[in-house]
Amino acid sequence: MGRVFVFEGKRLIPLFILLMLLITVSVYDALFPTTTPATITGEMVHYVSVEQGNLYPQKQFLIFDNLESYVKFLQNNNLALPNHNFDPNNNWAIITMNFKIQNFTNTSDDLGRKVLNVICTEKNAQYQIYIVPKDQQLDQRDVVWNFYDERGRKLEGIKLRVNP
């Protein structure tokens, strides 16, 4: 003869309640993360946000130090040329695709190079153009730009040569 396995419904109620609590806590953690934003030490770097708009499917960070490539990139991608003047002798132009810069900090690494740490938050289908004065990092020949998300994860690192 075969065995018959019988469950009583009232014995499954505590298991069902525990399952619902687990699902509720998981959803709450996803909606309200408890991680603290990244704090990177260093001197604050002043910058100006000059343009923003909607579009762009890919995530990207671009840094321009000459006017021709800056204007050509904007024209090739049908982006509006900002009203703010970009002087390549005194400024960097930064274009972020699907990110918004929260702040910059200026530090040095172990080799004595200037390091600009840029904290960004993700903004889907948006681009932004920023102007950063060069005089805040011209005392060194190499500048390293490190882009981080708000949780402190490194997104990208870009090394630039400053007027050799």
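Backbone amide hydrogens, once placed in the peptide plane, bring CYS120 within less than 5 Å of GLN102, TYR148, ASP149, GLU150, excluding anything fewer than 5 places away on its chain. Taking amide H as placed 1.01 Å from N in the peptide plane, the amide H of ASN91 sits under 5 Å from that of LYS134, each at least 5 places away or on another chain.
For the stretch 79-88, 3J(HN,Hα) computed residue by residue from phi via the Karplus equation (6.51, -1.76, 1.60; θ = phi - 60°) reads 9, 6, 6, x, 6, 6, 6, 10, 9, x Hz, glycine and proline entered as x.
Counting only residues at least eight positions apart within a chain, or on another chain, the lysines with an alpha carbon under 28 Å from that of LYS72 are LYS59, LYS100, LYS123, LYS134, LYS159.
Stretching the chain fully between ARG151 and LEU62 yields a gain of 29.9 nm (0.36 nm per residue, less the alpha carbon separation). Once the Cα-Cα distance is subtracted from the 0.36 nm per residue extended length, the VAL27 to ASN76 segment shows a gain of 13.4 nm.
Each residue of the stretch 117-122 is assigned a 3J(HN,Hα), and the resulting list reads 9, 10, 9, 10, 10, 7 Hz, derived from the Karplus form 6.51 cos²θ - 1.76 cosθ + 1.60 (θ = phi - 60°), x at Gly and Pro.
Close amide-amide hydrogen proximity is noted between TRP145 and LEU116, ILE158, LYS159, LEU160, each under 5 Å apart and 5 or more residues distant or on a separate chain (H modeled in the peptide plane; Pro and chain starts excluded).
Each Lys or Arg adds one and each Asp or Glu takes one away; over the other residues whose Cβ falls under 11 Å from the Cβ of ASN89, this sums to -2.
Every number in this text was worked out from the coordinates using simple rules, so none of it is lab data. Note that the coordinates shown come from a computational prediction; the quantities given were computed from them, not determined experimentally. Heads up, the Cβs are rebuilt from the backbone with ideal geometry, glycines too, and the neighbour counts pull from every protein chain shown.
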